[in-house]
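Data block below; observations after.
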Amino acid sequence: MVDDLYPLGLRVRGRLVVVVGGGPVAARRVRGLLAAGATLRAVAPALSDDLAALVAAGVVEHRARRYKPGDLDGAWLVHTATGDPAVDSAVADDAEVSRTFCVVASDADRASAWVPAVTRSDDVTVAVHAGRDPRRAVRLRDGVAAALEAGELPLRRVRPPAEADGAGRVALVGGGPGAPGLVTGRGRRLLASADVVVVDRLGPRSLLDTLADDVEVIDVGKTAGNHPVPQERINELLVEHARAGRDVVRLKGGDPYVFGRGGEEMAACRAAGIDVEVVPGVTSAVSVPAAVGIPVTHRGVAGGFSVLTAHEAVGDVPGGTDHTLVLLMGVTRLARTAEALVAAGRPADTPVAVVEDGYGPRQRATLGTLADIAERAAAAGVRPPAVTVVGDVVRLAPDWRPHVAPDRVVSAP
Ligand code: SAH
């Protein structure tokens, strides 16, 4: 564990940095420091050719001998890379006494400062420390550099709208069920470069904390039975902001097209002539059951699944218990839904799971059968958001046995 590392950007222009040593490592440090405008003193009996050239050009002071106490006088920072651990150690000791931060090439433990792996792009500098492993830092740095080069990271400066080159764009981004790690890479990149983000109540709201302060966040979150911002108005907001030249991300829970009205938002943007991209998301219909160990299909148990809202006529779907039903919304209507399913011919002992707040702090599965799930859910105080799963796959939930009468337990083939 490295818990005493405090990253800092040093502004070295015009400040004296002493480099002890004259080999390739010292040369690399000197070049980097000169590029940042530092004043350099090299202490070494012999210098590599490129260091010697810098001395000859008058940009580096050279003390052509071994290190002596006093060589650090006036320094803001010291690098020692002599190839001789005893000398490096003596330099580190002297630097400690004079309270000058010191990088020690031969011994990270003796150093009071470590050099990160760095990549730059324009005015952006990314510095990586990776524990004690400089190669790992370099590999990570290379990954960041490649992503920067590929335009995958939001390098773009925020433009004032007045300078915008005409219309902005809208991206309907499926945010997944709420865990920040379950958003696609494309979705995250668009979010990182958005000027305006229009969010729902569901979805990965914690990602909003990663936005820059000047990104406008518009919360159109709906709560059950209460629609603070009508869909029409949401459509208008997307169009208005895009017309003002802004890049808009409509961050939605799950997948934009699964009971998410993404189709309507897309149509509204298209009708207004706005560029619109749809980024698929991990739908709660599949992922929330998975969060509690229920696969929506399973060989020999369920060969298909239907996703419905509990508001619809649920009787019109394939009837076998080997066809999984996934019901979104409508958790308050569970009793009526269960009755309707039994009336349509499903056995009353068909297993049911109600999964609340998948991937969230309140995640919980309430298990039962069509006959008793409404009662069990009421007793447990089940609240939205929740996904209801109906069918034999529910028996695969690790929690199935303790909660349900043992005579109804069958094991998966
Ligand atoms: N487009 C979304 C669904 C929108 S409808 C998707 O693909 O997931 C909203 C319903 O999704 C909620 O009423 C609830 O049934 C379900 N839902 C979304 N996220 C959920 C979560 N984290 N936990 C439980 N249910 C969730």
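The values are calculated or read from the model by the stated rules, or taken from the named source; none is laboratory data. Treat the numbers as computed from the prediction; the structure is a model and nothing was measured. Glycine also receives a Cβ, built like all others from the backbone with ideal geometry; neighbour counts cover every protein chain displayed. Ligands, DNA and RNA are excluded from the accessible area calculation, which covers all protein heavy atoms including side chains. Shrake-Rupley method; radii C 1.70, N 1.55, O 1.52, S 1.80 Å.
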Response to the item:
Of (1) more than 13 Å from the ligand (Cβ to nearest atom); (2) modelled with pLDDT of 90 or more; (3) open to solvent by 70 Å² or more (accessible area, probe 1.4 Å), residue 259 satisfies every one except (1)
Practice prompt. Considering only residues that are among the aliphatic types (A, V, I, L, M) and not in a strand (DSSP E or B), look in the range 271-283 and name the one that is nearest to the ligand (Cβ to nearest atom).
Written response: 282
Fill in: Qualifying positions in the range 172-202 - open to solvent by 40 Å² or more (accessible area, probe 1.4 Å), without any contact (Cβ under 8 Å) to a residue 60 or more places away in the chain and under 25 Å from residue 233 (Cβ atoms)
201
Item to complete: Could you tell me which residue of the range 331-359 is modelled with the lowest pLDDT, considering only residues that are closer than 25 Å to residue 401 by Cβ and within 11 Å of the ligand (Cβ to nearest atom)?
Response: 331
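Scan the range 166-204 residue by residue and report those that are within 11 Å of the ligand (Cβ to nearest atom) and not in a loop (DSSP other than H, G, I, E, B).
We begin by selecting, within the range 166-204, every residue within 11 Å of the ligand (Cβ to nearest atom); these are 172, 174-179, 182, 200-204.
Across the range 166-204, the qualifying residues are 172, 174, 176, 182.
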Practice prompt. For residue 268, indicate whether it is without any contact (Cβ under 8 Å) to a residue 40 or more places away in the chain, away from the ligand (no atom under 14 Å from the Cβ) and in contact with a helix residue (DSSP H, G or I) (Cβ under 9 Å, 6 or more places away or on another chain).
Written response: yes
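Output the residue which, of all residues in the range 298-315 that are open to solvent by 50 Å² or more (accessible area, probe 1.4 Å) and under 23 Å from residue 259 (Cα atoms), is nearest to the ligand (Cβ to nearest atom). It would help to see each step written out before you state the result.
Our first condition is that a residue be open to solvent by 50 Å² or more (accessible area, probe 1.4 Å); within the range 298-315, this holds for 298-300, 303, 305, 311-313.
Next, only the ones that are under 23 Å from residue 259 (Cα atoms) stay: 303, 305, 311-313.
Values: 303: 22, 305: 14, 311: 10, 312: 13, 313: 18 Å.
Here the residue is 311.
One line per residue, one yes/no per condition, for (1) open to solvent by 60 Å² or more (accessible area, probe 1.4 Å); (2) within 12 Å of the ligand (Cβ to nearest atom); (3) of a type in the set (A, V, I, L, M, F, W, C):
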{"position": "285", "(1), (2), (3)": "no, yes, yes"}
{"position": "296", "(1), (2), (3)": "no, no, yes"}
{"position": "317", "(1), (2), (3)": "no, no, yes"}
{"position": "321", "(1), (2), (3)": "no, no, no"}
{"position": "329", "(1), (2), (3)": "yes, yes, yes"}
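How many residues, within the range 364-396, are in a loop (DSSP other than H, G, I, E, B), within 16 Å of the ligand (Cβ to nearest atom) and open to solvent by less than 10 Å² (accessible area, probe 1.4 Å)? Even if it seems obvious, please write down each step before you answer.
To start, the set of residues in the range 364-396 that are in a loop (DSSP other than H, G, I, E, B) comprises 370-372, 381-385, 391.
Next cut, within 16 Å of the ligand (Cβ to nearest atom) only: 381-385.
From the residues that got through so far, the ones that are open to solvent by less than 10 Å² (accessible area, probe 1.4 Å) too are none.
Looking only at that region, the number is 0.
Among what's in the range 53-80 and is among the small types (Gly, Ala, Ser) and open to solvent by 40 Å² or more (accessible area, probe 1.4 Å), pick the residue that is nearest to residue 96 (Cα to Cα).
Taking the range 53-80 as the starting set, the residues that turn out to be among the small types (Gly, Ala, Ser) are 53, 56-58, 64, 70, 74-75.
Subsequent filtering for residues that are open to solvent by 40 Å² or more (accessible area, probe 1.4 Å) retains 53, 56-58, 64, 74.
Numbers: 53: 31, 56: 31, 57: 32, 58: 29, 64: 24, 74: 14 Å.
Going through the qualifying residues, I end up with 74.
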